[in-house]
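In what follows, a structure is listed as structure tokens, so that the remarks can point back to it.
Laboratory data are not the source of any read-out in this text; all were calculated from the coordinates shown. Bear in mind the structure is a predicted one, so any value in this text is a computation, not a measurement. Positions of Cβ are backbone-derived with ideal geometry, glycine not excepted, and every protein chain shown enters the neighbour counts.
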Amino acid sequence: MCGIVGYLGKKSVVPVILESLQTLEYRGYDSAGVAFLEQDCLNVYKASGKLNNLRSRLPVELFQKNGHSRHLGIGHTRWATHGAPNDETPHPHVSCDGNIALIHNGIVENFGELREELTRKGHIFHSKTDTECVVHLIEDLAKTETDFLKVLQQVTRRLVGAYALVIIDKRHPDKLYGVRNHAPLVVGIGDDELFLGSDVVALVEHTNQVSYLQNEEIVELSPEGVKVINFNGQPVEPLVEKISTGNLAVDKKGFKHFMLKEIYEQPDVLRNSLSMRLLSPEEPIQLFDEAADAKINEIERVYVVACGTSYNAGLVGRYFIEELVRIPVEVEAAGEFRYRNPLVDEKTLVIGISQSGETADTITALRQCVNKGAKVLAITNREDSTIARESHFVLPVRAGIEVSVCATKSFAAQVTVLYLLGIYLAERRQQSSPELLKSLKVGLQRLPVLVENVLHTSEEIQTLAKKYGNVRDLIFIARGINYPVALEGALKLKEISYIHAEGYSASELKHGPIAMLDPSIPVIAILTDGIVYDKMISNCQEAKARDAQVIAVNSGPMPEDVRDTFEDAVFIPQLEEMLSPILTVIPLQLLAYHIAEYLGKDVDQPRNLAKSVTVE
Ligand code: F6R
């Protein structure tokens, strides 16, 4: 979490930094700050809350594009890990002598002992953050070493944790420094200008030439160019790549919120995810090259590790892959998996699902599996991410940049890729009948158009949002492959409307949760034509018998005689039950959106959250 940017060039630094920070605000918005050099003065401005608060604090002359005297600076948008968001905690932090300013993404785990040591040496701390100790440490080490790269090398020997740092020092007015250790940092190379950013998204407005720093690397940017060394001081040749910037553009395209735009993008996202992989229902799915094909088909079991929405997508994948491929599939929250010495070996395929590809728990869990000899496959929206780089195989989900903190289109894309993977494995292993696999492929091809149909329910759902938007609690129930969708519906609602919501398997209601039911707690039930339809109806009737208002999201027709079980019902097209989660999730995404909008919440940037959870 936290977005960091640095700029060295000929433009006026503050507008450049603020524009870049705007694109990184999804990484955290508890506070923001900038520092820049102006002649021999280091200026620092900070504000708690969103970037706009900082913007309104900055003198207007800083926005003049011809402010040529200011061309070295850094900026930060923060998701708080240490210290409540207030006016002291925002980065940049500045050394006691006022020479050095530093921004940081990550966590310094040994900050307590460093702080004690540096306080004893006379350093004055202005915040309780872990970051502040780093700037004092640099200041301290720079007293006896004038080569700043050597100072940074020494700093890395003292820090424990994951961190990306960007630093400027008044005594080196044409140099911008960066350090990367298990938190992303990218160099952007433009015409007579250089950038650092925690995500290429921050750079694409300015350049398409980038170089991803690797772990344990330090970079010095100067008018002479890009100099990289590793933590041992050995020079490293930076690998410069040309990136395609088209799908990284951040634009609401006329929608009120990014979330709504991203929900509506789902038909195209599905087309992209299927393209070149599913050519026709008669042909086998193509996902990997020959070498990868051979390796992946040696596997005997699958583990999926992921967090949040990506975890819910993994649960759908489990139902699908186990059913089709007949191999065991386990799904576990990455933050739990990594602490329990899991039983994985070279016959295990570990699938890491991550929209951002930067989720710290997922990265650590996958690294463990690489070390244990498992085959690791990344399913991610960011081919340039740490997870993609460190995995043996990558399946990009091709959802395009997702800006809203609340994930929607990436879920659809992840589930689609898991479907493709399931069919691919079943075809190679000759599991499942060719007829079944063919009908699933036909179903997959129909999905984009069916999703377009479901999106037409938006107005109807807006009406429901007004009817149920003032409740305190809400329950989502489903069974089988739609059970994860109940979890996802509850997660969406909680994170953007702050209404307490739970997702349950409908079969579990009577084992406890049914005790809560009364007319004040609506129950949203997902009903799809298939083996659990009748059971679902019974579970809904049990809820109604406890005076709950039950609302159906029903795929296909509903028998007349059960219609009065439901206070309201949203009807969506019928589809093979195994593929239905892609459709059933949409009314729940729309419901969360419309409720949050009705309640006047900050839909795209819900409180306390950040898009990319790069701390453990
Ligand atoms: C919910 C949401 C989060 C993420 C989770 C994992 O809307 O966005 O629950 O799904 O933080 O993030 P990624 O997929 O980037 O690893």
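A few notes on this one:
- Enclosed volume per residue, in Å³, of the convex hull spanned by Cα atoms of the range 213-310: 262
- Residue among PRO587, ILE551, LEU493 farthest towards the positive dipole end of the range 458-598, charges placed on Cβ: LEU493
- Cα gyration tensor shape for the range 293-354, rounded if a/c is under 1.5, else prolate or oblate: oblate
- Viscosity 1.002 mPa s, 20 °C: Kirkwood-radius Stokes-Einstein D of the range 357-481 over Cα pairs, µm²/s: 120
- Entries of LYS492/LYS544; LYS261/LYS492; LYS46/LYS175; LYS375/LYS492; LYS261/LYS601 with Cα pairs more than 20 Å apart: LYS492/LYS544; LYS46/LYS175; LYS375/LYS492
- Mean Cα-pair separation over length for the chain, i.e. relative contact order, pairs under 8 Å, 6 or more apart, %: 12
- Radius, Kirkwood style, for the range 3-248 when every pair of distinct Cα atoms is counted (Å): 17.6
- Gyration tensor verdict on the range 458-598 (Cα atoms; rounded if a/c is under 1.5, prolate if a/b is larger than b/c, oblate otherwise): rounded
- Gyration tensor (Cα) of the chain, equivalent ellipsoid semi-axes in angstrom: 46, 27, 22
- Neighbourhood net charge (11 Å Cβ-Cβ; Lys/Arg +1, Asp/Glu -1) for SER439: +1
- Placed amide H near GLU38: partners under 5 Å, 5+ positions off or other chain: ASN43
- Taking a Cβ cut-off of under 10 Å around LYS256, the surrounding Lys, Arg, Asp and Glu residues balance to a net charge of 0, with basic ones at +1 and acidic ones at -1.
- Helix 13-24 axis, angle to the chain major axis (alpha carbon atoms, nearest 10°): 20
- Here the chain carries DSSP beta bridges of which approximately 60% are antiparallel, counting only pairs with both residues inside.
- Counted by Cβ distance under 12 Å from GLN574, the other residues give a net charge of -2, where Lys and Arg count +1 and Asp and Glu count -1.
- In this structure the amide hydrogen of GLY503, modeled in the peptide plane, comes within under 5 Å of the amide hydrogens of PHE476, none closer than 5 places in sequence on its chain.
- Here the chain is assigned +1 on the Cβ of each Lys and Arg and -1 on the Cβ of each Asp and Glu. Its dipole about the Cα centre then comes out at about 520 debye.
- Taking the inverse of the mean 1/r over every pair of distinct Cα atoms in the range 258-454 gives a Kirkwood hydrodynamic radius of 16.7 Å.
- Rounded to whole Hz, the Karplus (6.51, -1.76, 1.60) HN-Hα couplings of the range 497-510, x for glycine and proline: 10, 6, 7, 5, 9, 10, x, 10, 5, 4, 5, 7, 3, 6
- A crude spin-label estimate for the pair ASP268 and GLN234, with each label 7 Å from Cα along the Cβ direction, gives 4.6 nm.
- Once the Cα atoms are used to define both axes, helix 533-545 deviates from the longest principal axis of the chain by about 80 degrees.
- The range 79-215: radius of gyration over Cα atoms, expressed as a fraction of 2.2 N^0.38 Å: 1.05
- Close amide H partners of ILE572, meaning residues 5 or more places away or on another chain with modelled amide H under 5 Å apart, are ASN554, SER555, GLY556.
- To the nearest ten degrees, helix 434-455 and the longest principal axis of the Cα atoms of the chain are 70 degrees apart.
- Taking a ≥ b ≥ c as the square roots of the Cα gyration tensor eigenvalues, the range 436-493 comes out oblate, since a/c reaches at least 1.5 and a/b does not exceed b/c.
- Using just its DSSP H runs of length 4 or more, each adding -39500 (n - 2.57), the chain gives a mean residue ellipticity at 222 nm of -10500 deg cm²/dmol after division by all residues.
- Considering all different alpha carbon pairs of the range 514-564, the Kirkwood hydrodynamic radius works out to 11.3 Å.
- Short-range pairs are left out: with C-alpha atoms under 8 Å and at least six residues apart, the relative contact order of the range 458-598 is 31 percent.
- By the count of other C-beta atoms within 10 Å, a proxy for reagent exposure, THR144, THR457, THR614, THR359 are ordered fewest to most as THR144, THR457, THR614, THR359.
- Summary of packing: across the peptides 172-178, 290-296, 161-167, the per-residue average of other C-beta atoms within 10 Å ranks them, highest first, as 161-167, 172-178, 290-296.
- Normalised Debye scattering of the range 134-225 at q = 0.13 Å⁻¹ gives log10 I(q)/I(0) of -0.43, counting only Cα atoms as equal scatterers and leaving out solvent.
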